[in-house]
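The values are calculated or read from the model by the stated rules, or taken from the named source; none is laboratory data. The structure presented is a predicted model; accordingly, all values stated were derived computationally and were not measured. No Cβ is skipped: glycine too gets one built from the backbone with ideal geometry, and neighbour counts run over all protein chains shown. When the accessible area is computed, the model is the full protein with side chains, heavy atoms only, and any ligands, DNA or RNA have been set aside. Shrake-Rupley method; radii C 1.70, N 1.55, O 1.52, S 1.80 Å.
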Amino acid sequence: AAAEVLALDDEEDDLEVFSKDISLTEVNSFSPSVPISPSSMINQYKFEDGPELRDLFITVDDPESHITAIETFITYRVVTKTTRGEFDSSEYEVRRRYQDFLWLKSKLEEAHPTLIIPPLPEKFIMRGMVERFSDEFIETRRKALHKFLNRIADHPTLTFNEDFKIFLTAQAWELSSHKKQGPGLLSRMGQTVRAVASSVRGAVKNRPEMFTEMNNYMETFSQKINILDKIAHRIYKEERDYFNEMKEYGPIHTLWSASEEDIADSLKGIASCIERCCRATERRMAGLSEHLLPILHEYVLYSEILMGVLKRRDQIQGELDSKVDALANKKDLFSEEIEKLEDKVERANNALKADWDRWKQNMHWDMRSTFTNVAENNLRYYEE
């Protein structure tokens, strides 16, 4: 179904219509009735991995700054508690830096090319809003890293990845040694060349309709979530500018009251009112920066990840298609090789199908709870 057009200006693009494209509301779509509060939504959604089934709990906390002659970086404490038999202990405590998280993500993508790996925060998050190594930046990143690891822990396949286990349990020197066992430069170059060669072959001939629909869905989703992310950042900036201006008016009225005896009480009352409005606005800004902005930006990153996953699935399909075409011109077909490639495509398809449904359900939950939270914060703000 054709999506309704989003009315946008080049630099002042407001979201006038959030399309009712049925491709965005098909399976696992929202109920028309909106729950009153986030707590009432908990009963509406039932997830496979309920808290009572979890056997792996991870906490990221206690950031520490490290200054060397070469660089300055932050490490975070990662505490893991588990009842799984494959772990030698029930509790682990290690310290990890951002580069270690990047390594883990790359290993997961390498081992599971058609699974949806959770996004990591970018090297510089929320540009223009916080400074690198400020307390706000470090806390924002800590929360994102905590979510990253727990999304992996809750994933039915990724949670059993061996590199993930090593990340959680190995001491710094052990992890460093393990990293050096990765593919060499020539191997990585070969993978890159193959990926580029596969990507320039053109459209996949035998792509199942389901994955064409996924591609279309993600193109629309990516457009809309990027618009929402941009609007949310603009709202926050406008709110911050308003707050900074309002902060100046309270003291001005207080000073004014000292020279106007007849209206001194009224001026002091206005100053007090402005101060209360400042506090309410500050709480509202905190709600936006802690709950709305990170979730929207996380799904901006998810949209990029999903497009990458779909491309990798197409590359596997393309490998099979090219092999079938090449062998079809020969009298003796190597059926065993074809069967292996068909099995590889089937496994890739099944992995992505299962992960797609799971991601979509989580996305709907995150979006609904996030916007409900924003609405409730706005209600409190305007009441105050």
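Some notes on this structure:
- Multiplying the residue separation of A69 and M246 by 0.36 nm and subtracting their alpha-carbon distance yields 59.4 nm.
- With a Förster radius of 45 Å applied to the C-beta separation of K268 and Q223, the computed FRET efficiency comes to 0.30.
- Surface exposure of segment 56-178, expressed per residue as accessible area with a 1.4 Å probe, stands at 49 Å².
- Phi angles across segment 80-93 convert, under the Karplus curve 6.51 cos²θ - 1.76 cosθ + 1.60 with θ = phi - 60°, into 3J(HN,Hα) values of 10, 10, 8, 10, 6, x, 6, 8, 6, 9, 8, 8, 9, 9 Hz, Gly and Pro given as x.
- When the GluC sites (Glu not before Pro) in segment 215-261 are filtered for DSSP coil states and for at most 14 other beta-carbon atoms within 10 Å of their beta-carbon, the remaining sites are E260.
- For segment 339-372, the set of trypsin sites (Lys or Arg not before Pro) satisfying both a DSSP loop assignment and a count of at most 15 other C-beta atoms within 10 Å is empty.
- Length gained on full extension, N206 to S134: 20.9 nm, using 0.36 nm per residue less the C-alpha separation.
- Taking chymotrypsin sites (Phe, Trp or Tyr not before Pro) across segment 333-384, the ones in a DSSP loop with at most 12 further Cβ atoms lying within 10 angstrom of their Cβ are F334.
- Compared with the alpha-carbon gap, the fully stretched path from E339 to L327 is longer by 3.1 nm at 0.36 nm per residue.
- In order along segment 295-302, the phi-based Karplus estimate (6.51 cos²θ - 1.76 cosθ + 1.60, θ = phi - 60°) of 3J(HN,Hα) comes to 5, 4, 5, 4, 7, 4, 5, 4 Hz; Gly and Pro are listed as x.
- Split the accessible area of segment 56-178 by element, probe 1.4 Å, and carbon with sulfur accounts for 51%.
- Here r is the Cβ-Cβ distance between A354 and R97 and R0 is 35 Å; the resulting FRET efficiency, rounded to 0.05, is 0.60.
- Placing +1 on each Lys and Arg Cβ and -1 on each Asp and Glu Cβ, with no other charges, gives segment 276-384 a dipole about its Cα centre of roughly 460 debye.
- Once backbone amide H atoms are built at 1.01 Å from N, R97 has Y76 as its partners under 5 Å, excluding neighbours fewer than 5 places away on the same chain.
- Phi angles of segment 213-225 translate, via the Karplus equation with coefficients 6.51, -1.76, 1.60 and θ = phi - 60°, into HN-Hα couplings of 5, 4, 4, 5, 4, 5, 5, 5, 4, 4, 4, 6, 5 Hz per residue; Gly and Pro are given as x.
- Pairs exceeding 22 Å between alpha-carbon atoms, taken from K323/K360; K107/K340; K180/K311; K107/K165: K323/K360; K107/K340; K180/K311.
- Relative to the Cα centre, the charge distribution of segment 56-178, modelled as +1 at Lys and Arg Cβ and -1 at Asp and Glu Cβ, gives a dipole magnitude of about 280 debye.
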